[in-house]
């Protein structure tokens, strides 16, 4: 049986930031997409459950979806016809900022 828990907003936000792979969470109102269910959800709706050993796990905010942070993305890249995917592909690619005095060939470990 899954034991869902409520966390203070700051703790939930920190948990989202620590465990999300490709999604930014500037706040809990941020929306992202779930590859598992194909729906958009926000950080407020994300469910947190606690395992028997006390560890906390995140679950998609969409009802009846058990997608995890591994399934989340900032836009539905898996659907090339989706308007948000098309808009994302039209954005100019950022060139990134080069720091002074850093060798661009140096890869940190």
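The values are calculated or read from the model by the stated rules, or taken from the named source; none is laboratory data. As the structure is a computational prediction, the values presented were derived from the model and not from experiment. So basically every Cβ, Gly included, is an ideal-geometry build from the backbone, and we count neighbours across all protein chains shown.
Of the residues 71, 24, which is within 14 Å of the chain's Cα centre (by Cα), modelled with pLDDT under 95 and exposed (fewer than 12 other Cβ atoms within 10 Å of the Cβ)?
Working: 71 fails: exposed (fewer than 12 other Cβ atoms within 10 Å of the Cβ).
Every option except 24 fails the conditions.
Taking the stated definitions as given, is residue 13 surrounded by 12 or more Cβ atoms within 10 Å (Cβ to Cβ), assigned to a strand (DSSP E or B) and in contact with a helix residue (DSSP H, G or I) (Cβ under 7 Å, 6 or more places away or on another chain)? I'd like the intermediate steps shown before the answer.
On the way: surrounded by 12 or more Cβ atoms within 10 Å (Cβ to Cβ): yes; assigned to a strand (DSSP E or B): no; in contact with a helix residue (DSSP H, G or I) (Cβ under 7 Å, 6 or more places away or on another chain): yes.
Answer is no for this residue.
Looking only at residues that are in a strand (DSSP E or B) and in contact with a helix residue (DSSP H, G or I) (Cβ under 9 Å, 6 or more places away or on another chain) in the range 41-56, which one is surrounded by the fewest Cβ atoms within 10 Å (Cβ to Cβ)?
Of all residues in the range 41-56, those in a strand (DSSP E or B) come to 41-42, 47-50, 56.
The next check asks that each one be in contact with a helix residue (DSSP H, G or I) (Cβ under 9 Å, 6 or more places away or on another chain); those that pass are 48, 56.
On the way: 48: 17, 56: 14.
Checked the range 41-56; the qualifying residue surrounded by the fewest Cβ atoms within 10 Å (Cβ to Cβ) is 56.
Just give me the residues in the range 57-77 being in contact (Cβ under 8 Å) with a residue 40 or more places away in the chain and assigned to a strand (DSSP E or B), in sequence order. Talk me through it step by step, then tell me what you get.
Step one: list which residues in the range 57-77 are in contact (Cβ under 8 Å) with a residue 40 or more places away in the chain, which gives 58, 69-70, 72-76.
Once the filter is applied, which keeps residues that are in contact (Cβ under 8 Å) with a residue 40 or more places away in the chain and assigned to a strand (DSSP E or B), the range 57-77 yields 58, 72, 73.
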